[in-house]
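The values are calculated or read from the model by the stated rules, or taken from the named source; none is laboratory data. Quantities reported herein were computed from a predicted structural model and do not represent experimental measurements. So basically every Cβ, Gly included, is an ideal-geometry build from the backbone, and we count neighbours across all protein chains shown.
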Amino acid sequence: MRVVSQSVVPRDITDEFTVAASRLKTGQLVKDEYFTLFEAVGALEIMDSKMDSGYLGPGENRAQALEDDYDLTRELAPDEVLGVMDGLLCYEMAWHMGHPLSQTLFTSLYLDKLLWPVPKTLDEAHFFRGRLATNKEDPAMIHLVLRAYCLALVKCCDFVHARVATEYYFEEEDFVTQLYNRTLLSQFEPEPFYDLLNRAISWIDEQKGKIEENVREAIRTRLLIRREFLLALEQDIEVIETRSREHFLVCLSQFDHLTKSASLGKDVSDSFSLKIQRKLASTVPPRPMVKINFDDALAHLKRLCQDAVDLQEIIDYHGPYNLKVTIWTLLSRKPQPSVYIRSLVQTLIVNNMTILGAVPVKQFLYDELAELVLPSSILLQANIDEIEVPSDPRFQIAKQMDAFVKRFSQPFVDTFRSACLNRCRIRRTVCHTIADWDNLQMEAEDLDEQLRTLSNEPPLMLANGDATYSYPLSSWAYHHKLNQFRLILQLGFELSIYAPEELPGMYWYLSHICSTHLGHIDRVRTFTVATAKRNLTDMAAKKRGALERHAALQKSLRLLERLTTQIVAIDAFAISLHALYVLLARHHVLPTASSAQAYSSDRLRYEIRMKPFLQITLPELVPYDEYHREAMLEGDSDETVLERATKAISEARKAWEATLANGAFMPEFDDEANTAPAIEEDWKRDVKDTMRACIGASIAIETVKKSLKSNANSAQSKDPANASSVNLRVIIPEAGSKARWHDWWIVPQVSQATVGPKT
Amino acid sequence: MTSNPSTSPSDQPLTPITTTPPPPRNDLRYIRYNAAHEDAYVPAMRQLISKDLSEPYSIYVYRYFLYQWGELCFMAMDDSLPDPMVGVVVSKLEPHRGGPLRGYIAMLAVREEYRGRGIATKLARMAIDAMVERDADEIVLETETTNTAAIKLYERLGFLRSKRLHRYYLNGNSAYRLVLYLKEGVGSMRTNVDPYGPPPMPEGLAAPEPALLHENGREW
């Protein structure tokens, strides 16, 4: 019986449609303006076996197409159970890696039986569904062990799915949340899953001597890991309270057993079938199973566990600067932490307007301002709740600051959250948010002007007699914008965005941004120093709070100094690479991607490169002609450029040494114990890799120097024809290759070309 | 969509140092698509392009391009063959979100045994020239990050990588967006929606990529 709505009267239009269609020419397309390429691509051709997952081939009947012969109730040998478990783990990790369930776990006939039809009770979820009860006892190996493992595995997926789906991720890019109308047993509490696992473990323990020991041991290990993994995932963001790494650590401790017993399982690949895809509610064409090998699956799981353990190091709050270091360091690990970890970090960063489950967003933003631009300022102390007289300037200040917090909290917290995106998305997102920060800076400037009057800020007198003010909020916004400029460039290097011929210009641009940033920090420092000087007078007069103010000011100055050292290091390295690349380009040994017959010019390519910055008001866009002059060091002789490269690289090495010596974190107190040792280790490795890259650059510069020198000699003596071409071979090492010491520093490998006789 | 590695790296030198002469060419005929012969062309084209795709494009994808922008489609024919089509390029050209007139090279394929002769470069040039004639401001496309030959081909023509697209293809591979500006000031042209895609973080998921390529298969 068909259900037809009263208001709809169906009418057969087949004939009309056929007549209308017959008037069309072949290839003619009738579409409205909303039919875009996206729709065209989404279209499927029914009755094409590659696109139509319901298509039955000639001679194929429905039963054959949908049903598998595999007998789920058949007894499995212990090594077969092991094989199924390991097969499932591979698909589970493939799903973690971003492949859909339909091509991974949902190809398992065992899981399919448990999950479909959706069970109403957990007892209902078993492999013998739909069969009449027999007197024969169900084999415990399947009924108990495999079932417990499968159910717990699905429950693990449930926790992962829930966490990722709550956070900001990119569907199909990072993860596929599609469940095809099934559930991952989210309707059941986790307790019974542990009961099942524990019963399975006890039963396996009783089998000692009855089944082959190494297989028995291997099954036990897998059940144990599954239990601990489930416990760890159930803990989820509760980790803020529990601070427990125990379950992930137990998982990690079992990996040796897992690896060693990898070969013991017997493949039961016919318990996985693509036919299930035809039953899943989905409009996608049939797609192949995603097979990853067991070693890759283990490596993925192991990294996840290790990242989850180390992630605890971000939870203790030590101020915004230190938090940023821990988050960006952890999430810049290679390979990048999995989407589950990245989602978990997002939630830890901010949840219910609270940072790390402890610090209100407003406090977090105030801490940041105090660290950088407003140590001990009345702007951060005025609190609207405490002053009730609207005429009091402090009331007005508090009101303005509340407006500031309202507007700036989200974009500020997002500078932390964006680290949780995949690397490509980080760059794309920052290319977008940098324009927002440009606007934020202008808005902050208006606020600064109003607040300056309210707080009666004393001006700083310049040498020419002009008065100048600190503009703390907009200074802070500008600082963030400059960080983003740098990040866009550095991620550009990391993601292999730039062509070789762009490298001189891009490293010039990086140094240009760095020197702008250094100038800006100097300005901020000038005002902090002036405040500190005024405070010295207060201290001498033993005024109230002067001592605390002094400590806060000194702390801020130390942070500014630390930032300066880091940016000087980046700047010097960039200057050096810029100069080196200029020489390689000048002497035509730098590879180029574009040809003389290209459609575009350097000027047009520069415009593409500057696209994210075109609408930014400050720092102003460098006009192409100026850029070209600077980037090519026009007018400077080879000697001058060489000198520049050599000097800069030696300064860079010193500055990176100093950065390393400063350590990863800002100590809050002098003798503070480091609470993030694992992340600090990563941070140090990163700096050391940068220092290796510096050494690589020194060597390349020396090689170029020698070559230019011998070239000059031969030019003076007998071989003028050869004078213009240096005999060098240049290789640009790919990101991820051994010769590429650091993703952000593309150091060319320069060697003497082996042409002609060698002495 | 992906582009084809039909030109080997040695075909046209990357650096001005090496100059290997291209291999001798058969007499190929390069023609513009003609809707009058769609019955012959479209199946041949589909076969050529689908060859290495795990999941073929539906007929609507071809119709979408050819019906609207058939004049931007070019084919290389070897008349000595019973199925003469050995290369094809399919493109479109329309204002991008109310802003610049944007060309898009959707598909470029050359039969495997014909690769390395500069056929793809020739076809790409014909498509680009046709777009230039029609006053295009810019041309974009995507290519798999592992498809070195295609990347080199487009970079030689002056394209730049503007961004990397994570796991862009169905097989999990990433892509580069390649961009060619044909006029000055294109970067500053206003569009209705911000070209940098993702909305501010808290507002949910980003819209899907404007282009198709989520549907693509392996290297080809």
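Summary of values
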read-out	value
Test result for A:Leu88, touching a strand residue (DSSP E or B) at 6+ places or on another chain (Cβ under 9 Å) and either surrounded by 15 or more Cβ atoms within 10 Å (Cβ to Cβ) or not assigned by TED's automatic domain parsing to the domain that holds A:Thr177 (or both)	yes
Qualifying residue in the stretch A:164-178 (condition: buried (at least 17 other Cβ atoms within 10 Å of the Cβ), at pLDDT 95 or above, aliphatic (A, V, I, L, M) and assigned by TED's automatic domain parsing to the domain that holds A:Leu264)	yes
Considering residues of the stretch A:22-81 that are in contact (Cβ under 8 Å) with a residue 12 or more places away in the chain and aliphatic (A, V, I, L, M) only, the residue surrounded by the most Cβ atoms within 10 Å (Cβ to Cβ)	A:Val81
Enumeration of residues in the stretch A:337-377 that are in contact with a Lys or Arg (Cβ under 6 Å, 6 or more places away or on another chain) and among the small types (Gly, Ala, Ser)	A:Ser343, A:Ser376
Residue in the stretch A:208-225 that is among the hydrophobic types (A, V, I, L, M, F, W, C) and not in a helix (DSSP H, G or I) present	yes
Test set (1) in contact with a Gly (Cβ under 9 Å, 6 or more places away or on another chain); (2) outside the structural domain of A:His578 (by TED's automatic domain parsing) - A:Glu630 fails condition number	(2)
Residue list for the stretch A:99-126, restricted to those being surrounded by fewer than 22 Cβ atoms within 10 Å (Cβ to Cβ), part of a loop (DSSP other than H, G, I, E, B) and not aliphatic (A, V, I, L, M)	A:Trp116, A:Pro117, A:Pro119, A:Lys120, A:Thr121, A:Asp123, A:Glu124, A:His126
Qualifying residue in the stretch A:108-117 (condition: at pLDDT below 95 and either acidic (Asp, Glu) or in the same structural domain as A:Asp174 (by TED's automatic domain parsing) (or both))	yes
Test: residue in the stretch B:71-84 that is within 12 Å of chain A (Cβ to nearest Cβ), surrounded by fewer than 24 Cβ atoms within 10 Å (Cβ to Cβ) and touching a residue at least 12 places away in the same chain (Cβ under 8 Å)	no
Residues located in the stretch B:175-185, provided they are surrounded by fewer than 22 Cβ atoms within 10 Å (Cβ to Cβ) and more than 7 Å from chain A (Cβ to nearest Cβ)	B:Arg177, B:Lys183, B:Gly185
Restricting the stretch A:418-435 to residues that are within 13 Å of A:His480 (Cβ to Cβ) and out of contact with any Asp or Glu (no Cβ under 9 Å at 6 or more places or on another chain), the residue that is nearest to the other protein chains (Cβ to nearest Cβ)	A:Ser418
Hits in the stretch B:151-166 (condition: surrounded by 22 or more Cβ atoms within 10 Å (Cβ to Cβ) and among the small types (Gly, Ala, Ser))	B:Gly158
Residue among A:Ala648, A:Ala655, A:Ala697 that is crowded, with 17+ Cβ neighbours inside 10 Å, touching a residue at least 12 places away in the same chain (Cβ under 8 Å) and touching a strand residue (DSSP E or B) at 6+ places or on another chain (Cβ under 9 Å)	A:Ala697
Complete set of residues in the stretch A:584-620 that are more than 29 Å from A:Arg729 (Cβ to Cβ) and more than 10 Å from chain B (Cβ to nearest Cβ)	A:Ile616, A:Thr617, A:Leu618, A:Pro619, A:Glu620
Pairs, first within 13 Å of A:Gly42 (Cα to Cα) and assigned to a helix (DSSP H, G or I) in the stretch B:49-65, second at pLDDT 90 or above and of a type in the set (A, V, I, L, M, F, W, C), C-beta under 7 Å, six or more apart	B:Tyr62/B:Val42; B:Tyr62/B:Met45
Failed condition for B:Ala44, given (1) modelled with pLDDT under 95; (2) surrounded by fewer than 20 Cβ atoms within 10 Å (Cβ to Cβ); (3) part of a helix (DSSP H, G or I); (4) more than 12 Å from every other protein chain (Cβ to nearest Cβ)	(1)
Residue in the stretch B:14-25 that is over 15 Å from the mean Cα position of the chain (by Cα) and either modelled with pLDDT of 90 or more or crowded, with 20+ Cβ neighbours inside 10 Å (or both) present	no
A:Phe364 being touching a residue at least 24 places away in the same chain (Cβ under 8 Å), over 19 Å from A:Met442 (Cα atoms), touching a strand residue (DSSP E or B) at 6+ places or on another chain (Cβ under 6 Å) and not hydroxyl-bearing (Ser, Thr, Tyr)	yes
Qualifying residue in the stretch A:487-499 (condition: within 30 Å of A:Ala645 (Cα to Cα) and of a type in the set (Val, Ile, Thr))	yes
The listed residue being under 30 Å from A:Glu548 (Cα atoms), at pLDDT 95 or above, surrounded by 20 or more Cβ atoms within 10 Å (Cβ to Cβ) and not polar (S, T, N, Q), out of A:Pro375, A:Pro337, A:Pro320	A:Pro320
Sole exception among (1) at pLDDT below 95; (2) over 24 Å from A:Phe395 (Cα atoms) for A:Pro458, by number	(2)
Matching residues in the stretch A:470-503 - criterion: being touching a strand residue (DSSP E or B) at 6+ places or on another chain (Cβ under 8 Å), over 21 Å from A:Leu621 (Cβ atoms) and within 13 Å of chain B (Cβ to nearest Cβ)	A:Leu495, A:Ser496
Condition met for B:Ile119 (modelled with pLDDT of 95 or more, away from chain A (no Cβ under 13 Å) and farther than 18 Å from B:Gly185 by Cα)	yes
Evaluation of A:Arg278 against (1) surrounded by fewer than 20 Cβ atoms within 10 Å (Cβ to Cβ); (2) outside any helix (DSSP H, G or I) (one fails), failing number	(2)
For A:Ile355: the one exception among (1) in contact (Cβ under 8 Å) with a residue 60 or more places away in the chain; (2) surrounded by 21 or more Cβ atoms within 10 Å (Cβ to Cβ); (3) aliphatic (A, V, I, L, M)	(1)
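Every residue, every condition in (1) in a helix (DSSP H, G or I); (2) within 14 Å of another protein chain (Cβ to nearest Cβ), yes or no:
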{"residue": "A:Glu16", "(1), (2)": "yes, no"}
{"residue": "A:Val41", "(1), (2)": "yes, yes"}
{"residue": "A:Glu60", "(1), (2)": "no, no"}
{"residue": "A:Met85", "(1), (2)": "yes, no"}
